[in-house]
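The values are calculated or read from the model by the stated rules, or taken from the named source; none is laboratory data. Nothing here was measured: the structure is a model prediction, and the numbers come from that model. Counting neighbours? That spans all protein chains shown, and the Cβs are built from the backbone with ideal geometry, glycine included.
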Amino acid sequence: MFFAGFALLGLPPLAHAAFVVDLPDTRIQGVLQNYFPISEYAAFARVSMDVPQVRLSKTNKDIVLVIPIEAKVMGGGVHKGHVTMLLGLSYKPARGGLFFGQPRITQFEIPSVSEKMLAELREIVDVMGKNALPLVRIYTVKERDLNHSLAKSELKSFVIGDGRLQLEFGFN
């Protein structure tokens, strides 16, 4: 009876109020290959971040990226390590784009450098992540997938599963 009322008023049923997408980690991994590697030059070093490894696990509330890094330090040679970053999501309805958001470093390791150099390199990598990762569009919502315009849509929820990211888009 409730749904019949919607039909009589010409309104779509509630089932169409949301659009659900299931993204495997391999798809996100493929998107990242278009954006990486990235490099940054500082007065004392050149830091490069290679293609991250995506880890989607239901034990995490955030998306985990493990990123290989290489630092070429002036007068000190090449040092390799990795950074682990946690990311949220940022949805921009006007563009229908879902991007990474709020990158934060949880682990930073380059075993062959001093503590002072490690702290300076970590600052560079932190800035690189905050500047580059929010530009990575991991999914585009198409207006035909929604019952209303993109401008009125929002990311209602996301759930991280083992190797999958389930997204729900809807309206206010």
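What the table below lists for this structure:
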quantity: Yes/no for LEU98 being of a type in the set (A, V, I, L, M, F, W, C), free of Cβ contacts under 8 Å to residues at least 60 places away in the same chain, buried (at least 19 other Cβ atoms within 10 Å of the Cβ) and closer than 28 Å to VAL141 by Cβ; calculated: no
quantity: Candidate set: the range 150-172, residues that are closer than 23 Å to LEU65 by Cβ and among the polar types (S, T, N, Q); chosen: the one modelled with the highest pLDDT; calculated: GLN166
quantity: Residues (loosely packed, with under 15 Cβ neighbours inside 10 Å and more than 18 Å from the chain's Cα centre (by Cα)) located in the range 21-43; calculated: SER39, TYR41, ALA43
quantity: Among residues of the range 122-149, those that are at pLDDT below 85, buried (at least 16 other Cβ atoms within 10 Å of the Cβ) and within 21 Å of ILE28 (Cβ to Cβ), counted; calculated: 1
quantity: So VAL78, is it in contact with an Asp or Glu (Cβ under 9 Å, 6 or more places away or on another chain), part of a helix (DSSP H, G or I), of a type in the set (A, V, I, L, M) and closer than 30 Å to ALA43 by Cα; calculated: no
quantity: Residue that is modelled with the highest pLDDT, among those in the range 76-87 that are over 16 Å from ARG122 (Cα atoms) and loosely packed, with under 15 Cβ neighbours inside 10 Å; calculated: GLY77
quantity: Selected residue (criterion: farthest from TYR35 (Cα to Cα)) from residues of the range 81-121 that are β-branched (Val, Ile, Thr) and assigned to a loop (DSSP other than H, G, I, E, B); calculated: VAL113
quantity: Some residue of the range 63-75 being outside any strand (DSSP E or B), surrounded by 13 or more Cβ atoms within 10 Å (Cβ to Cβ) and modelled with pLDDT of 90 or more; calculated: no
quantity: Residues within the range 70-103 that are over 25 Å from SER57 (Cβ atoms) and of a type in the set (Val, Ile, Thr), tallied; calculated: 2
